[in-house]
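Take a look at the structure set out below.
None of the figures in this text is laboratory data; all of them are computed from the coordinates on show. Computed from a predicted structure; not experimentally measured. Cβ placement follows ideal geometry from the backbone for every residue including glycine, while neighbour counts extend to all protein chains displayed.
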Amino acid sequence: MAAKVSESKIQIHPVMVLAGSEAYLRRQWLGRIRRAALDESSMDAGYIRMETNVSVTALLDECRTFGMFSSRKLVVLEPADMLLKGRGGNNPEPQSEPDEDQAEELAASGGSAARDLILRYAQAPSDNATLVLICDNWVKTTRLHKFLDKQGAVILCQPMKEDEVPRWLTQHARTEFAKTIDAQAAIRLAELVGTDLGRLESELAKLALFADKQTAITTAMVDELVGFQHEQVVWSLIDALAAGNAKEALARHTELWQMDARIGFTLVGAIFFWMGQVLRAREMLDRRLSDNQIIKELKLWPAPRASAVMASARRWGIEGSRRVSAALLAADMAAKTSLGDPQRNMERFIVQACTNLDIPA
């Protein structure tokens with residue numbers, strides 16, 4: 001569970017690890033470490049980011065070398081996964097400490113040796129440097145982990161669980177924006193955005209600005225600001241489908257999944273609704289009804305959307321509309337029966353709908 005931590009409470013260690021795939025937490029922790037480890041005069045000059053393909057000897061040499069423009073250094077390697085895994089892969093670690101003559105050989109031999117050399121450095125570190133290793137994957141069975149973890153130098157930055165998000169939103173709204181957020185509003189925002197803390201923080205910032213002088217963020221605000229955004233992108237995708245623009249439709253589809261990893265069922269429902277309108281419009285065209293009659297009876301609005309429904313009804317015809325509907329049903333059923341990846345299934349449907357080719361009758 002993520003929580004706001006004051007820089008004054010951060011204990012800086014010679015070697016620190018930020019482990020996990022939650023990018024927002026990694027950025028937050030790195031910022032706190034930077035502010036705690038470096039004084040104002042060395043905030044820029046003492047901050048050194050290493051190339052991802054750096055060797056372990058070059059990395060540790062940087063830590064041991066006195067800074068030319070700063071009395072203290074913060075040496076950061078992100079991502080550090082390549083170095084920690086190395087050519088050694090999952091090879092077991094050596095059971096005894098290497099002597100000085102073995103150091104160069106170990107440095108070239110892979111991940112377990114790199115960890116071993118970092119451990120040796122952590123046991124006798126430079127007084128003027130802090131090394132921060134940032135990685136997605138961190139092995140907790142190594143001697144390096146056990147040594148650093150005992151100091152409290154390993155900080156886990158794992159994605160948040162769904163049921164933790166509302167509480168995080170409540171705390172973050174209060175500490176960062178001096179706002180309260182209704183319990184239902186927090187749940188609704190979590191439903192719309194998911195567990196990506198970076199996007200949640202961004203949406204919370206917009207809501208706090210939207211609330212202005214009001215102290216509380218409400219469910220109505222979330223629906224108006226965040227829910228509206230989802231709806232706009234959904235209809236942009238549908239407009240692209242109506243125009244047969246597969247490239248645009250796929251781009252909007254990707255955007256929706258990035259906004260909400262659970263968007264699949266909502267999206268299918270919206271497209272089914274639109275396809276129902278297209279089918280009914282096609283049937284009414286075949287009965288020789290005018291566009292104005294159809295638009296009025298089906299309550300098609302606004303005008304651009306009404307035009308898109310009518311254009312699709314004419315372009316596909318009754319059989320084409322039915323085949324597109326069948327393809328959407330197949331994608332939906334596949335998702336509900338765990339047949340294939342839901343996002344890939346919908347991408348296939350989009351291409352089929354835009355080309356109206358190879359769609360099973």
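Projecting the Cα atoms of LEU197, PHE177, GLY340 onto the charge dipole of the chain (Cβ charges, centred on the Cα centre) puts GLY340 farthest toward the positive pole.
What lysines could a cross-link reach from LYS299, if we take a straight Cα to Cα line under 18 Å and drop same-chain neighbours fewer than 8 places away? Filter leaves no residues. Relative contact order, whole percent, for the chain stands at 14, derived from Cα pairs under 8 Å and 6 or more residues apart. Other residues lying with their Cβ under 12 Å from the Cβ of LYS161 contribute a combined charge of -3, Lys and Arg counting +1, Asp and Glu -1.
For the chain, list the DSSP H helices whose alpha carbon atoms reach 27 Å or more along the long axis and whose average Kyte-Doolittle value is -1.0 or above? Membrane-span-like by this rule: 263-286, 303-336. Note on the chain: with charges restricted to the Cβ of Lys and Arg (+1) and Asp and Glu (-1), its dipole about the Cα centre is near 1280 debye. In the elastic network of the chain, a GNM with C-alpha springs shorter than 10 Å, the most mobile of VAL139, VAL17, VAL193 is VAL139. Equivalent-ellipsoid semi-axes (√(5λ), Cα gyration tensor) for the chain, whole Å, largest first? They are 54, 26, 16 Å, listed from largest to smallest. A dipole drawn for region 231-355 from +1 and -1 charges on Cβ atoms has a positive end, and of ALA246, ILE294, SER312 the residue lying farthest that way is ILE294.
Could you give the dipole magnitude of region 175-217 about its Cα centre, charging the beta-carbon of Lys and Arg +1 and that of Asp and Glu -1, in debye to the nearest 20? Could you put the intermediate results ahead of the total?
On the way: 5 positive and 7 negative charges, 25 e Å.
For region 175-217, the charge dipole is close to 120 debye.
Listed cross-link partners LYS179/LYS206; LYS85/LYS146; LYS73/LYS161; LYS140/LYS161 are compared with a 23 Å cut-off, the Cα-Cα value being larger for LYS73/LYS161.
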